[in-house]
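The values are calculated or read from the model by the stated rules, or taken from the named source; none is laboratory data. Bear in mind that the values here come from a model prediction, so they are computed numbers and not experimental data. Heads up, the Cβs are rebuilt from the backbone with ideal geometry, glycines too, and the neighbour counts pull from every protein chain shown. Surface accessibility is based on the protein's heavy atoms, side chains included, excluding ligands, DNA and RNA. Shrake-Rupley method; radii C 1.70, N 1.55, O 1.52, S 1.80 Å.
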Amino acid sequence: MRLRVSEIIEHCPTIKTFCLEPLEEYKKYFAGQYLTVHTGEEGDVLRPYSLSSSPTNSGSYEISVKLIEGGLGSTWMHTQVKVGDELLCDEPEGKFTLQQAALTSVFVAGGIGVTPVLSMLKYALSIKDTRKLFFFYASRHLEDLVFHQELLDLAAAHPNLIYVPIISGDQDPEWQGQRGRVNKELLEDTGVIFKRAEFYTC
């Protein structure tokens, strides 16, 4: 697929979201899938990036890319790609998709692992899924919870979304939320009933 970069959103110095519009036929995808981008000047460095957008926003795609020190693909995406550029991508693929089979869906993500989970959450909420959706979003520091405000807004608008952000580091003294790591006790204290839930972790 040939995609045009319509917008670039910089969440923090190391994470950018690239909004992409197809120049040919739009290919549908499932929440949780990824695009393989042909990066580099020659397009010969293939890198898979999870779609962070919802399939209900048909006609466009969003991928969120974390800059990895020494990473060929992410460095090129962050330093060379600009609005108006064209990217060559493979069609959406991947088996890590939302199944919606159990009474409750529990999502656990750390760092940039939030991207496919965010796609699943947006999709479930957009189709007005009324089951309980728990999301435990963990990071070392507050600045690394790059979608924190968006998730707060989603939780405020949808009572069935229980959003629990967690900080494991000690460099954010103003943080009043949950600290430590994701564990069974935290999930149970938040209301997760394991035998009724399906889990998605990234």
Once amide H atoms are placed 1.01 Å from N in the peptide plane, what residues at a sequence separation of 5 or more from residue 45, or on another chain, have their amide H within under 5 Å of its amide H? 39
Which value in deg cm²/dmol, rounded to the nearest 500, describes the helix-derived mean residue ellipticity at 222 nm for the chain, given -39,500 (n - 2.57) per DSSP H run of n ≥ 4 and division by the residue count? -5500 deg cm²/dmol
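How big is the charge dipole of the chain about its Cα centre, in debye rounded to the nearest 20, if each Lys and Arg gets +1 on its Cβ and each Asp and Glu gets -1 on its Cβ?
Roughly 840 debye for the chain.
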Descending accessible area (1.4 Å probe), largest on the left, turns 140, 179, 131 into 140, 179, 131
Out of 8, 55, 72, whose Cα points farthest toward the positive end of the dipole of region 1-78 (charges: +1 Lys, Arg; -1 Asp, Glu; placed on Cβ)? 55
In the structure shown, do any of 27/132; 28/122; 66/184; 122/195 have a Cα-Cα gap over 26 Å, and if so which? 27/132; 66/184
Set of aspartates and glutamates with alpha-carbon distance to residue 16 below 13 Å, sequence-local pairs under 8 removed: 7, 62, 144
Nearest 10 degrees is fine. How inclined is helix 114-126 to the longest principal axis of the chain, computing both from alpha carbons? 70
Can you give the Rg and Dmax of region 1-121 based on its C-alpha atoms, in angstrom? 14.1, 47
What's the magnitude of the charge dipole for region 50-119 around its Cα centre, counting Lys and Arg as +1 and Asp and Glu as -1 at the beta-carbon? Answer in Debye, nearest 20. 260
Placing +1 at every Lys and Arg Cβ and -1 at every Asp and Glu Cβ, with all other atoms neutral, what dipole size does region 80-188 have around its Cα centre, in debye to the nearest 20? 500
Which value results for Rg/Rh of the chain when Rg is the Cα radius of gyration and Rh the Kirkwood radius based on the inverse mean 1/r? 0.98
For the chain, modelled as a Gaussian network with Cα springs under 10 Å, which listed residue fluctuates most, 65, 45, 114? 45
Taking a ≥ b ≥ c as the square roots of the eigenvalues of the Cα gyration tensor of region 129-202, is the shape rounded (a/c under 1.5), prolate (a/b larger than b/c) or oblate? oblate
